[in-house]
Amino acid sequence: MDPELPASSPAMPSSDGGPSPPRRLVFAFYLTGHGFGHATRAIEVVRHLVAAGHEVHVSTAVPEFVFTAELRSPLVHVRKVLLDCGAVQSDPLTVDPLASLEKYHQTAVVPRESILKTEAEWLGAVKADLVVSDVVPVVCRAAADAGIRSVCIGNFSWDYIYAEYIVGAGYHHRSIVWQIAEDYSHCEILLRLPGYCPMPAFRDVTDVPLVVRGLRKSRSEVRKDLGIVENAKVVIFNFGGQPAGWKLKQEWLPDGWICLVCGASDSQELPPNFIKLAKDTYTPDVMAASDCMLGKVGYGTASEALAYKLPFVFVRRDYFNEEPFLRNLLEHYHNSIEMIRRDFLSGHWKPYLLRALTLQPCYDGPINGGQVAARTLQDIAVGKKCVSDKFNGARRLQDAIVLGYQLQRTPGKDVEIPDWYSLSGAEIGAHPILENIEKEGSAESCCEDFEILHGDLQGLTDTMTFLKSLSGLAGSEFKNSEVQSRERTAASVLFDWEREIYVARAPGRLDVMGGIADYSGSLVLQVSSAVPEGKGVSSSASVEVATMSAIAAAYGLNITPRDLALLCQKVENHVVGAPCGVMDQMTSACGEANKLLAMVCQPAEVKELVTIPNHMRFWGLDSGIRHSVGGGDYGSVRIGTYMGRKMIKCAASDIVSVSSTSDASARSDDSKENGRDVPSSEASMEYLCNLPPHRYEAAYSKDIPEIVTGDAFLVKYGDHNDTVTVIDPKRSYSVKAPTRHPIYENFRVETFKALLTAANTDEQLAALGELMYQCHYSYNACGLGSDGTDRLVNLVQEMQHRKTREDGSPSLFGAKITGGGSGGSVCVIGKNCLESAEEIAEIQQRYKAATGYQPILFDGSSPGAGKFGHLKIRWRRPSSPIA
């Protein structure tokens, strides 16, 4: 028989206020070994279960001391076992997707049958009443095999996290995600924490508050223990349990500040204004005693920063898929700011730390998630059903994901609904979205649901697919509300179906040549492409252009494509805050299918549309590294460019001034022939690209510094005369490379354009490719390269040189980083032949083998917003059914 609760045990009432259970319950708590954040929140839940007199068996790969230091009770038993691996990190900021999948395969897939048998037997041996998982997948199935109910608790699930890894690492791994989702489907309910990701595999969901560790000491007590005066500014350096061995420097902190370092190794030496915290330090107390925190975003850091209203300066992590949801939670409560990784690694901390002090965190929600979760687990263990509402949680989440995939179709290609997000109807009932997709039929048939009052589909599959999605929303009011998802209902009410609807479209752009030289007035050559987000193909510009086109059409505004592009650039510069040029918006608005848009950005004049010769082709390959023109690197390079322009103009003015005071007789007419008055035009130069390379080298190059500090520049020159960027006086800026780039890039683009009409030879393609390589390495010199784009360019070079060594004719001839740089995509030039396509596929596979990410291929083009115009449509309302 099960032992009765001792009389002295503090009773924990049920979640509905009823009496506590009549006996001691046994909980088997499985905990992922991924990060200490899971352990710290599990400890809080376990603490409340133990306080109520229940017995808890913790199974985990997390070191035992993490629990024994916090929970000293004979009712807690820690068992070391490895049942999952989480995400494999090469350092605290980088996840290796391929290694993560391969390690999970070895940890949980290969020994699966043994794990299921062992865990089912162990659960029976300890007489577990309930299995709790955070969020180890296989134990949900093991619990089902043992006839024991199971509950998961978390803010993410591994099927969601690994799904993106699979897109990059290859579909041969997708059985892993399918199996994880199937395991989770055996779980009775998910206790979902704030900042959650979509978790499609769970059948039922109930929300619980933040799980947060409580404080033990006051702010003054902590500071006294550490020898820190009360009014000192303190930042806690918290990158989890993975010390990276970063060399921290005294000058990285503002004067008078102190940095408390978590997780430092015993051998790590720190400057005098950095203090190494003991390994057993109770972190919540130190956080509450600090003025701000510098770290990476995880559940533990995010939840405790919110609870203690601690400003959080965070550095993003690559492939850490739950991070955006936690970031949104922090940003919603004014709790965080992002530090660009380059600034973090280079020690440019001061502006971020000082800005953090101006934040006013305002989270006022409950933080008793540990207690709430424990009560809910107790209720479930004794047979009570805890469901948040009548809507099925998994169905709601799955519908949102499926609809999201449906709306993100590449022109000309359908995106399949990922099967790892779908469970069979037998398990959770019919899936409304899947039913609708099956019944909707072809895109063309959905066009019958609308009357086209103005415009033409032009045979564009992306437009037809959009109308197909719109048709699904239009009929939602006639469908059974019990099976209609909240997301689709919410989307359907965005439209007034009794009025006309205006539809506009705008493509992205693949930057063939020109790139960041656009804001310096360069000629640029661009082609239209698909628009995935964050890949360096102007996704933001296409959204702006399409939105403004639709608004203009709805209000009867006749805005030329050029003027519309300039207005969209203003939105990007002054609303979004990205200091980009006008190239992206102009291409999206003015481009045409299968043609290069040759444009002079002074400020925005289409020179001509250049037909792409039939014998050559351009491809775009995504590096998997997220690109953002709003990032610090892009902005600092732009500032450096404008600094260089100001320096050249001032130097030219000095030459003119000296010349004007010289002997008039020495300034005869032959001085013009000798070019002595050229500096006068350069002194008033508006666009840096109007300076020829030979003039730059002859008159100015030697006087342009490699680097200059903001304050030194401002003292000497006053301002850099750029309306969309601001110089930080305390920051150092690269000047020489950003100044040189647009001057030479404009020459390269002019040459590239002229070569397009040359004879169809390998020499022509090799010369075009060489110009692209030169552009790529010029980006790198400016600081706008990335490991991923360099790797792709190097693979193209290897292909080209391999063919040359074999006495054959290359198929690929050149490549370069595109757009704003710092990640994103590369543009590749080659012959328009099958062999080129095969070599592109080989590059994708080799890149995936090296990085775990398979590059997305961008191919083909479509008309810009101006060429497409707009559609004016009206929904054909169906007749009401006869009763």
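The values are calculated or read from the model by the stated rules, or taken from the named source; none is laboratory data. Bear in mind that the values here come from a model prediction, so they are computed numbers and not experimental data. Glycine gets a Cβ as well: all are built from the backbone with ideal geometry, and neighbour counts include every protein chain shown. Heavy atoms of the whole protein, side chains included, go into the accessibility calculation; ligands, DNA and RNA do not. Shrake-Rupley method; radii C 1.70, N 1.55, O 1.52, S 1.80 Å.
Electrostatic bookkeeping for residue 724 treats Lys and Arg as +1 and Asp and Glu as -1; over the other residues with beta carbon under 14 Å from its beta carbon, the sum is -2.
Mean separation of Cα pairs under 8 Å and 6+ residues apart, divided by the residue count of the stretch 267-387: what relative contact order is that in percent? Once divided by the residue count of the stretch 267-387, the mean separation gives 22 percent. Given R0 = 51 Å, the distance between the Cβ atoms of residue 110 and residue 806 translates into a calculated FRET efficiency of 0.80.
Highest mean first, the peptides 774-782, 182-190 sorted by other C-beta atoms within 10 Å per residue fall in the order 182-190, 774-782. In a fully extended conformation the segment linking residue 82 and residue 118 would gain 11.7 nm over its present Cα-Cα distance, using 0.36 nm per residue. Of 247/296; 753/803; 249/279; 702/753; 233/276, which pairs sit farther than 28 Å apart, going by alpha carbon to alpha carbon? Among 247/296; 753/803; 249/279; 702/753; 233/276, the Cα-Cα distance tops 28 Å for 702/753. With the simple model of a label 7 Å out from the Cα in the direction of the Cβ, residue 694 to residue 709 spans 4.0 nm.
Under a 5 Å amide H cut-off, with hydrogens placed 1.01 Å from N, residue 864 pairs with 591, 592, 593 among residues at least 5 apart or on other chains.
Judged by the mean number of other Cβ atoms found within 10 Å, the most tightly packed of the peptides 633-641, 348-356, 113-121 leads the ranking 633-641, 348-356, 113-121. Within the same chain, lysines fewer than 8 places from residue 468 are excluded, and of the rest, those with a Cα less than 28 Å from its Cα are 413, 439, 479, 535, 867, 872. With K and R counted +1 and D and E -1, the other residues having a Cβ less than 14 Å from that of residue 769 yield a net charge of 0.
Sorting the segments 449-457, 588-596 by their residues' average number of neighbouring beta-carbon atoms within 10 angstrom, most packed first, yields 588-596, 449-457.
For the pair residue 876 and residue 291, what calculated FRET efficiency results from E = 1/(1 + (r/R0)^6), where r is the Cβ-Cβ distance and R0 = 56 Å, to the nearest 0.05? Don't jump to the answer; show the numbers that get you there.
Numbers: r = 62 Å, r/R0 = 1.10.
For R0 = 56 Å, the calculated efficiency reads 0.35.
On the beta carbon distance between residue 594 and residue 684, with R0 = 41 Å, the FRET formula returns roughly 0.55.
Relative to the present Cα-Cα distance, how much length would full extension add between residue 760 and residue 841 at 0.36 nm per residue of separation?
Computed gain between residue 760 and residue 841 is 26.7 nm.
Over all other residues within a Cβ to Cβ distance under 15 Å of residue 262, the charged ones net out to 0, with Lys and Arg as +1 and Asp and Glu as -1. Rolling a 1.4 Å probe across the protein heavy atoms gives the stretch 57-130 an accessible surface of 46 Å² per residue. Our estimate of slack between residue 51 and residue 250, defined as 0.36 nm per intervening residue step minus the Cα-Cα distance, is 67.1 nm. Distances between placed amide hydrogens fall under 5 Å for residue 79 paired with 58, 59, 60, all partners being 5 or more residues away or on another chain. Relative contact order for the stretch 766-855: 28 percent, from Cα pairs under 8 Å spaced at least 6 residues apart, divided by residue count.
With Rh defined as the Kirkwood radius, the inverse of the mean 1/r over Cα pairs, the Rg/Rh of the stretch 20-157 is 0.97. Each of residue 91 and residue 230 was given a label point 7 Å from its Cα along the Cα-to-Cβ line. The distance between the two points is 4.1 nm. Restrict the search to the stretch 226-302; then list the GluC sites (Glu not before Pro) that DSSP places in a loop and that have at most 14 other Cβ atoms within 10 Å of their Cβ. Filter output for the stretch 226-302: 230, 269. Per residue, the accessible area of the stretch 315-375 comes to 46 Å², computed with a 1.4 Å probe over protein heavy atoms only.
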